[in-house]
Protein chains: 2
Amino acid sequence: MKNLVDILELGGSAGPPTERMLQILTEACRLFATRGFDGVSVRDIAQECGISKATLYHHFPDKDAILRPLVMGITRSLHQRVLGAIRPEADPAEKLRAFMMESARFFEEYRWAFIVSSTVFWTDPQARQRRQRIEWRDRHEALLRGILEEGIRSGAFRIADIGMAGRLVLGALNWMPKWYDPKGPLPASAIAEQFCGMLLAGLEATPGAAAL
Amino acid sequence: MKNLVDILELGGSAGPPTERMLQILTEACRLFATRGFDGVSVRDIAQECGISKATLYHHFPDKDAILRPLVMGITRSLHQRVLGAIRPEADPAEKLRAFMMESARFFEEYRWAFIVSSTVFWTDPQARQRRQRIEWRDRHEALLRGILEEGIRSGAFRIADIGMAGRLVLGALNWMPKWYDPKGPLPASAIAEQFCGMLLAGLEATPGAAAL
DNA sequence: ATGGCCCGACCGATCGGTCGGTCAGTCGAG
DNA sequence: CTCGACTGACCGACCGATCGGTCGGGCCAT
């Protein structure tokens, strides 16, 4: 996983995170992703970092403060990265392709954080920071919707329900963490490209080809 | 949610579950789905049922014994239901449609249990019963793969990678629980039908239509 | 000697699970 | 019919373990 420092969303007034804070966040992130937030104790995190629990609390006020920057940072960074990867002058199919491939690349780079964010997002009872997270997600979904709408207007896409098409695309991407194996033969971006190709062209052979 | 008794996988020698056991399983299932297995205490379940924790332990030997029949039952029942909904004489597209729609119908009927199963499946550290569950899942994936292969052989489908296509289909279905609203306008089966239509035909307009 | 980093020991709360015992119903012997 | 034995459902109280979090003090470079 690439350095978490690039995507973290620390508290507004705090400076850059120290090396120790970064280590704690990194280890905690991996543990949260594999065993869930409730399934990981603060002792586990401290042990994994080779420090005592008290020391961990010297760097973070509470357990939530470890989770928060991860979830917020991922939600925001994903959108910003994908947004930046879409060339405005590209045609809709190319934009959709960029959307999916950059999402997959992001997932591959920040795999643990991505998993943490996507699992916590839907189960977090905490209303705190939830609105802000939902804002970023809405912006992200709006970006995808915009691409689809543009495709419809230009005649490139033939879509009955934009919301449904968007959920189909996001479902394919968001489900990837469940089965993706980083040691597998294909990088995530190649998988996303295949997905995009199938989504655009459809699984069904064209009527002409069906006659073969 | 329909009666859980139809899908439960109780221990081999045990008789049919009593009314009380069914109540416990039903309430626990809903709680597990909304707050996760670790997020629900045995006290919570007992309280929701209006009984004491000791009474709950009179009916179940431990907390796992409440979760187990839910997860196993869903994994097995889903496959059997979908398998039964596919007419052998139908063409591949129709079979894929039946596969997706019946999956969605099953999800809608046993929504909480479905969510519990799909979340527990991937995070459960317990190796116990895991092999049996994976067997059913593999059979389920093989069923889908068989449909896709048949479509390729008959010329109905044009698919480069069957595994990828299968994951695309399952991703769309398995992601539904995250956003589906049972009070929404569309039943899950209608959504699955739309998904199937988009997957088969593709989002891209045919070259001819693109010229419009 | 002072402040940042770190620690062992400890806190109250809550976890999954167990304990002895109550109570209503059932059933067979007298 | 009645009475004791027995049973299954139920409960409050309790257990050791672990949870998130705190505290006072040690170490060490400035």
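Okay, here's what the table says:
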quantity: Residue match in the stretch B:129-138 (condition: away from chain A (no Cβ under 12 Å), over 25 Å from residue B:24 (Cβ atoms) and crowded, with 17+ Cβ neighbours inside 10 Å); calculated: no
quantity: Filtered residues of the stretch B:187-212 (kept if modelled with pLDDT of 95 or more and part of a loop (DSSP other than H, G, I, E, B)); calculated: B:187
quantity: Residue A:157, sole failed condition from (1) within 11 Å of another protein chain (Cβ to nearest Cβ); (2) out of contact with any strand residue (DSSP E or B) (no Cβ under 7 Å at 6 or more places or on another chain); calculated: (2)
quantity: The one condition in (1) hydrophobic (A, V, I, L, M, F, W, C); (2) open to solvent by 60 Å² or more (accessible area, probe 1.4 Å); (3) within 16 Å of DNA strand D (Cβ to nearest atom) that residue B:83 fails to fulfil; calculated: (3)
quantity: Failed condition for residue A:146, given (1) surrounded by 17 or more Cβ atoms within 10 Å (Cβ to Cβ); (2) free of Cβ contacts under 8 Å to residues at least 60 places away in the same chain; calculated: (1)
quantity: Flag for residue A:87 being within 14 Å of chain B (Cβ to nearest Cβ) and more than 14 Å from DNA strand C (Cβ to nearest atom); calculated: no
quantity: Subset of the stretch B:159-199 (residues that are aliphatic (A, V, I, L, M) and open to solvent by 20 Å² or more (accessible area, probe 1.4 Å)); calculated: B:159, B:160, B:162, B:170, B:186, B:190, B:198
quantity: Hits in the stretch B:35-78 - residues which are within 14 Å of chain A (Cβ to nearest Cβ), free of Cβ contacts under 8 Å to residues at least 12 places away in the same chain and more than 10 Å from DNA strand D (Cβ to nearest atom); calculated: B:35, B:39, B:41
quantity: The lone exception for residue A:48 - which of (1) within 16 Å of DNA strand C (Cβ to nearest atom); (2) in a loop (DSSP other than H, G, I, E, B) it fails; calculated: (2)
quantity: Residue A:91 vs. criteria open to solvent by 30 Å² or more (accessible area, probe 1.4 Å) and touching a helix residue (DSSP H, G or I) at 6+ places or on another chain (Cβ under 9 Å); calculated: yes
quantity: Restricting the stretch B:28-44 to residues that are open to solvent by 40 Å² or more (accessible area, probe 1.4 Å) and away from DNA strand C (no atom under 13 Å from the Cβ), the residue that is farthest from residue B:58 (Cα to Cα); calculated: B:34
quantity: Single unsatisfied condition, residue B:113 versus (1) of a type outside the set (Lys, Arg); (2) open to solvent by 40 Å² or more (accessible area, probe 1.4 Å); (3) more than 10 Å from chain A (Cβ to nearest Cβ); (4) part of a helix (DSSP H, G or I); calculated: (2)
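The values are calculated or read from the model by the stated rules, or taken from the named source; none is laboratory data. In this text the structure is predicted, and so the values were computed from the model without any measurement. A quick note on method: Cβ atoms are made from the backbone with ideal geometry, for glycine too, and the neighbour counts reach across all protein chains shown. Ligands, DNA and RNA are stripped out before the accessible areas are found, and what is left, the full protein with its side chains, is counted by its heavy atoms. Shrake-Rupley method; radii C 1.70, N 1.55, O 1.52, S 1.80 Å.
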